[in-house]
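Worksheet: the structure to be examined is printed underneath.
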Amino acid sequence: MNDKRSFGFTTTILHSDRRKAIEHGSLHKPVHTSVAFGYSDARQLASVFQGKEPGFRYGRQGNPTVAALEEKLTRMEDGVSTICFGTGMGAIGAIFQALLRSGDHVVSSAFLFGNTNSLWQTVASQGVGVAFVDATDVANVEAALTADTRLVFVETIANPRTQVADLARIGALCRERGILFVVDNTMTTPYLFRPKNVGAGLVVNALTKSIAGHGVALGGSLTDSGEYDWQNYPHIAASYQRNPPAQWGMAQIRAKGLRDFGASLGPEAAHHIALGAETLALRMERSCGNALALARMLEADPRVAAVHYPGLASHPQHALAGELFRSFGPLFSFVLEDGIDCFDYLNRLQIGISASNLGDTRTLVIPVAHTIFFEMGAQRRASMGIAESLIRVSVGIEDTDDLLADFSGALQA
Ligand SMILES: *Cc1c(COP(=O)(O)O)cnc(C)c1O
């Protein structure tokens, strides 16, 4: 295949490996388990180390199987380059390790994945100021900016309360101020949304979730969209400024974030993730359709106190989400009326599994305040809009009628 015409999302994922002749005509990139890469000319090894020619040197910094996945992700996000990490948190942690210094300032959405919230607390304890804002309104982001703000961080649809960030306006604000805009695209995936289109410079994906979909491999990635001018970033070390400016950020992240801290993705996991990614679009269509059907059914039931899903007209950012995303995502959360214990309800489900992953092909449910958001305490939970009996549902690709019967049947007991 040549690059002369552009293909659709799934065609591109399925056929992008073949564009580079794969060993023996293999249709899948093989799993290269070698940690080291030998060169018959020692001078060539030296020039690979000095960045004068491309090549692999040691598995922590790069591997051919991982590189094939990185290229796939770059195409999925329509970006310039991608770096994979051993987990989604490894990818977000690398932003801190590679780009932030004591005295810097970050503006983050207050509505965050629990571990990212915890990471920002760690960052704050190490001398970086972190302002948490309600990012559903750009005015709150603008009010929090300081002269030291290096980046603005938001999730597309926040996990678990499904608040939708004011993405396009925050992107425009960051562009105007020359600030790096980082978007965690895990909940939407590049199939529903490309953060590049709203000016995000760096895109985070927790590959563990919908991109892999099967829940058998952990992984994370950062994609440089090409939207940010790294010449505006104050802490690019001189050694990375030897590259063309478009590569500065990723050169520093690969060295400082990946090489020095070592949160590398293994080749076997990369292979599993690449296989899962082939069916991302099909799975998202099915699980988003299931999520909408379930959310509508529960909202109409008097035994349910609240349902949070951007696909419902009652959601505060329903219109915004409709403008931004191809559909409304595979995740919703809800609160039962007083008198129905959330644990008992979960125990009555036959299909929904009480488990903490999301973006899986199987429907997973979790009582958020008692598990993944337990450690942060009731006060911070309340500030994120998380009720103590909130149930998060990551909707899978099961048959819709089976899910509807399961979730309504559990109400009736
Ligand atoms: C799960 C998740 C992460 C972290 O990914 P891991 O692979 O579990 O480390 C980051 N952001 C969001 C929105 C997530 O849902």
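For this structure, a couple of remarks:
- Linear extension gain, A306 paired with A143, 0.36 nm per residue minus alpha-carbon span: 55.6 nm
- Label positions at V216 and F261, each projected 7 Å from the Cα along the C-beta direction, are separated by 3.0 nm.
- Angle in degrees between helix 114-125 and the longest Cα principal axis of the chain, rounded to the nearest 10: 60 degrees
- Helix 9-19 vs. the chain, principal-axis angle (Cα, 0 to 90°, nearest 10): 30 degrees
- Phi angles across region 388-405 convert, under the Karplus curve 6.51 cos²θ - 1.76 cosθ + 1.60 with θ = phi - 60°, into 3J(HN,Hα) values of 5, 9, 5, 10, 9, 10, 9, 8, x, 10, 4, 5, 4, 4, 5, 5, 4, 5 Hz, Gly and Pro given as x.
- 3J(HN,Hα) along region 376-387: 6, x, 5, 5, 5, 4, 4, 5, 9, x, 9, 5 Hz, from the Karplus curve 6.51 cos²θ - 1.76 cosθ + 1.60 with θ = phi - 60°, whole Hz, x for Gly and Pro.
- Between I366 and R392, the built amide H atoms are under 5 Å apart, and every one of these is 5 or more places off in sequence or on another chain.
- With contributions of -39500 (n - 2.57) from each DSSP H run of at least four residues, the per-residue ellipticity at 222 nm computed over the chain stands at -10500 deg cm²/dmol.
- Convex hull volume of the C-alpha atoms in region 278-413, normalised per residue: 113 Å³.
- Here the extension length gained between R43 and T400 equals 122.5 nm, from 0.36 nm per residue of separation less the Cα-Cα distance.
- The angle between the Cα long axis of helix 64-76 and the main principal axis of the chain comes to about 60°, on a 0 to 90 degree scale.
- Protection proxy ranking, peptides 139-145, 343-349, average beta carbon neighbours within 10 Å, highest first: 139-145, 343-349
- Segment D229-A124, extension gain: residue separation times 0.36 nm, minus the distance between their alpha carbons: 35.2 nm
- Between E337 and E285, the FRET efficiency from the beta-carbon distance, with R0 = 30 Å, is close to 0.40.
- Residue with peak Gaussian network fluctuation, the chain [Cα springs, cutoff 10 Å], from H105, H271, H370: H370
- Cα pair distances of region 201-276 binned at 10 Å [whole percent]: 18, 40, 29, 13, 0
- Highest-first arrangement of 198-205, 77-84, where packing means the average Cβ count within 10 Å: 198-205, 77-84
- Surface/4 estimate of mean projected area, convex hull on alpha-carbon atoms of the chain, nm²: 20.6 nm²
- Across the chain, the relative contact order, built from alpha-carbon pairs under 8 Å that are at least six residues apart, equals 16 percent.
- Taking θ as phi - 60° and the Karplus parameters 6.51, -1.76 and 1.60, the scalar couplings of region 330-341 work out to x, 10, 9, 9, 8, 10, 7, 4, 3, x, 10, 6 Hz in sequence order, x denoting glycine and proline.
- Residues whose amide H lies under 5 Å from that of F332, counting only those 5 or more places away or on a different chain, are V393, V395; hydrogens are built 1.01 Å from N in the peptide plane.
- Cα gyration tensor shape of region 112-259, rounded if a/c is under 1.5, else prolate or oblate by comparing a/b with b/c: rounded
- For the chain: lysine pairs under 28 Å (alpha-carbon distance), excluding those fewer than 8 apart on one chain: 22
- Residues with amide H under 5 Å from that of V130, placed H, sequence gap 5 or more: V106
Values in this text are rule-based calculations from the coordinates and carry no lab data. Note that this is a predicted model, so its numbers are computed, not measured. All Cβ positions, glycine included, derive from the backbone under ideal geometry; neighbour counts span all protein chains shown.
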